[in-house]
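Novice: Below: one structure in structure tokens.
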Amino acid sequence: MSENSIREPAAARWIVLASIASAVAGLAVAFGWRYGVTRTWIDADSPPPVASGDTGYFRVYDWVQYVSGPPWWPVTWVAPIAALVIGTVVSVAVEWFRLRRKTGRLTLVVAPLVAGSIVGAGAAWWARSQPPEIRIRMVTDPSFDDLGPTGAARLDIYGGPPLFDTVQAGLLLPVMGAVIGAAVFGVGLTVSTLRTRRLT
């Protein structure tokens with residue numbers, strides 16, 4: 001049995017692990033896009049009728065109610081698939097390089113790092129050019145005071161998904177993708193190493 005025939009199944013296993021870690025990195029980017037990127041508010045109600053000589057209208061409201069958005073599906077399947085493709089291509093190239101230079105398996109962490117960074121940067125660019133939209137309704141409530149409809153202190157939007165807008169998307173999404181991808185690969189590498197040691 002040749003040395004290459006022994007290495008091929010192991011090489012495929014590491015490529016699969018790096019690809020899975022890359023896909024998870026893409027999914028993390030999708031979550032970051034939904035929960036960590038500044039949103040644009042869109043009025044869900046049609047504007048009131050305006051006479052031909054009028055130039056606009058005023059909307060007076062007491063609190064803002066969440067209606068829908070931002071949409072889940074475009075980013076949720078595009079980001080993981082794009083990261084999976086990028087991670088697979090990079091992991092194949094790294095594995096080819098690794099087998100010829102006889103480097104360690106840890107070099108394959110480059111694949112999820114690159115995939116998470118690229119997909120995160122793409123999602124950040126998309127968030128900058130087309131910010132995620134959240135549809136809201138402006139509610140007028142005569143009984144409204146400093147507390148909102150739930151009895152809690154007044155918030156921006158009642159009922160909407162949480163927003164953890166702590167840093168710019170251009171930094172948040174690539175870093176999140178790279179860190180999560182590397183962490184998933186590291187966990188897989190650790191588990192595989194421990195199993196190998198138990199079997200030997």
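Novice: Identify all residues within the range 86-96 that are open to solvent by 60 Å² or more (accessible area, probe 1.4 Å) and not aliphatic (A, V, I, L, M); write none if there are none.
Specialist: Selection gives Trp96 alone.
Novice: Confirm whether Ala18 is open to solvent by less than 60 Å² (accessible area, probe 1.4 Å), out of contact with any strand residue (DSSP E or B) (no Cβ under 6 Å at 6 or more places or on another chain) and within 30 Å of Pro162 (Cα to Cα).
Specialist: no
Novice: Take the residues in the range 36-65 that are in contact (Cβ under 8 Å) with a residue 24 or more places away in the chain and open to solvent by 60 Å² or more (accessible area, probe 1.4 Å), then tell me which one is nearest to Ile118 (Cα to Cα). Step through it out loud before you land on a result.
Specialist: The initial filter retains those residues of the range 36-65 that are in contact (Cβ under 8 Å) with a residue 24 or more places away in the chain, namely 36-45, 59-65.
Retained after the next criterion (residues that are open to solvent by 60 Å² or more (accessible area, probe 1.4 Å)): 38, 41, 59-61, 65.
Numbers: Thr38: 20, Trp41: 28, Arg59: 42, Val60: 43, Tyr61: 42, Gln65: 35 Å.
Among those that are in contact (Cβ under 8 Å) with a residue 24 or more places away in the chain and open to solvent by 60 Å² or more (accessible area, probe 1.4 Å), it is Thr38.
Novice: With Ile42, Ile15, Ile20 as the choices, which residue is closer than 30 Å to Pro174 by Cα, outside any helix (DSSP H, G or I) and modelled with pLDDT of 85 or more? Walk me through how you get there before you give the answer.
Specialist: Working: Ile15 fails: outside any helix (DSSP H, G or I); Ile20 fails: outside any helix (DSSP H, G or I).
When all the criteria are applied, what remains is Ile42.
Novice: So, one more: It is to be established whether one or more residues within the range 114-130 are among the aromatic types (Phe, Trp, Tyr), under 22 Å from Pro162 (Cα atoms) and part of a helix (DSSP H, G or I).
Specialist: Taking every residue of the range 114-130 in turn, at least one turns out to be among the aromatic types (Phe, Trp, Tyr), under 22 Å from Pro162 (Cα atoms) and part of a helix (DSSP H, G or I).
Novice: Restricting to the range 97-142, what's the tally of residues that are small (Gly, Ala, Ser), open to solvent by 10 Å² or more (accessible area, probe 1.4 Å), over 14 Å from the mean Cα position of the chain (by Cα) and modelled with pLDDT of 90 or more?
Specialist: 1
Novice: Turning to a different aspect of this structure: Hey, any hits in the range 60-70 for a residue that's closer than 25 Å to Gly120 by Cα and at pLDDT below 90?
Specialist: Checked the range 60-70: at least one residue is closer than 25 Å to Gly120 by Cα and at pLDDT below 90.
Novice: Can you find, within the range 143-158, the residue that is modelled with the lowest pLDDT among those that are open to solvent by less than 50 Å² (accessible area, probe 1.4 Å) and either touching a strand residue (DSSP E or B) at 6+ places or on another chain (Cβ under 6 Å) or within 22 Å of Gly69 (Cα to Cα) (or both)?
Specialist: Filtering the range 143-158 for residues that are open to solvent by less than 50 Å² (accessible area, probe 1.4 Å) and either touching a strand residue (DSSP E or B) at 6+ places or on another chain (Cβ under 6 Å) or within 22 Å of Gly69 (Cα to Cα) (or both), the one modelled with the lowest pLDDT comes out as Gly148.
The values are calculated or read from the model by the stated rules, or taken from the named source; none is laboratory data. Note that the coordinates shown come from a computational prediction; the quantities given were computed from them, not determined experimentally. Positions of Cβ are generated from backbone atoms using ideal geometry, with glycine treated the same way; all protein chains shown enter the neighbour counts. All accessible areas refer to the heavy atoms of the entire protein, side chains included, with ligands and DNA or RNA removed. Shrake-Rupley method; radii C 1.70, N 1.55, O 1.52, S 1.80 Å.
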